[in-house]
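Have a look at the structure below, then the notes.
The values are calculated or read from the model by the stated rules, or taken from the named source; none is laboratory data. All of these numbers come straight from a predicted model, not from anything done at the bench. Cβ placement follows ideal geometry from the backbone for every residue including glycine, while neighbour counts extend to all protein chains displayed. All accessible areas refer to the heavy atoms of the entire protein, side chains included, with ligands and DNA or RNA removed. Shrake-Rupley method; radii C 1.70, N 1.55, O 1.52, S 1.80 Å.
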Amino acid sequence: EYRLGWNIELKKLTAARAKPKAVLSVSEQRRLLALVVEERSLTAAMAALMLAVGLMPSEISRLDPVAVVESLSADTPYVVIGHGTAVKAEARRRIVPVVWPAGVVDVLIEQLPEAIERAAAAADSSATVNKWLRTRGFNVTGHGLRHTLAAAAGAAMANPLALARIGGWSGSGLNPIMLGYGAGVEDSQLLNELAAEARRWFAAVIAD
């Protein structure tokens with residue numbers, strides 16, 4: 001009985017251009033590490049670890065405080081991420097080197113256990129890191145530290161597989177058996193090769 005001849009035309013929307021992701025310059029990365037040693041605070045330690053291996057605060061909150069101290073005290077400091085815990089994606093399970101100078105690593109060993117506990121109890125641990133960065137003049141968020149890692153690797157023409165393994169991006173191909181070793185892989189060829197590659201990415205940042 002009723003035949004409605006509706007003709008719906010959708011308005012065409014102008015495609016928005018993706019904004020370039022903010023990252024820290026080499027001089028800003030050096031300043032960040034200097035502040036870590038100067039302040040020796042929980043949030044500073046988190047920021048240093050986030051920049052080193054592309055971690056997010058939620059991942060830091062799931063680290064094992066005891067295992068972190070043990071692995072960072074190895075000859076080649078490293079952290080084990082996602083061992084026995086939930087992760088955003090399987091590629092986020094990884095064993096990654098921390099190539100910062102000894103003074104920064106000392107702060108990580110000293111501050112991270114409590115930082116992990118605080119992050120686990122916080123409603124939004126990202127906000128704490130973002131505020132720390134903003135109040136010190138860094139025009140990036142915590143996620144921007146992850147982008148900075150990727151940018152540094154890209155500028156150094158990084159080995160794509162090494163970048164995927166350190167940053168936890170898809171395509172890492174990490175043998176899950178490696179994660180079962182936990183804090184006992186400090187002499188592994190994989191860790192040493194990844195450390196050498198990461199030092200190359202951050203060569204200008206960690207140079208004396």
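Residues in the range 119-135 carry Karplus couplings, in order, of 5, 5, 8, 6, 6, 8, 5, 5, 4, 5, 5, 4, 5, 4, 5, 5, 6 Hz; the curve used is 6.51 cos²θ - 1.76 cosθ + 1.60 with θ = phi - 60°, and Gly or Pro positions show x. Summarising the label geometry, the points placed 7 Å from Cα in the beta-carbon direction at Ala120 and Leu161 lie 3.5 nm from one another. Shown in residue order for the range 36-53 are the 3J(HN,Hα) couplings computed by the Karplus curve 6.51 cos²θ - 1.76 cosθ + 1.60 at θ = phi - 60°: 4, 5, 5, 8, 6, 10, 4, 5, 4, 5, 4, 4, 5, 5, 4, 5, 5, 10 Hz (x for Gly and Pro). When peptides 142-151, 66-75, 192-201, 42-51 are ranked by their average number of other Cβ atoms within 10 Å per residue, the highest-first order is 42-51, 142-151, 192-201, 66-75. Taking all protein chains as they are arranged and a probe of 1.4 Å, the heavy atoms of Ile8 leave approximately 140 Å² accessible to solvent.
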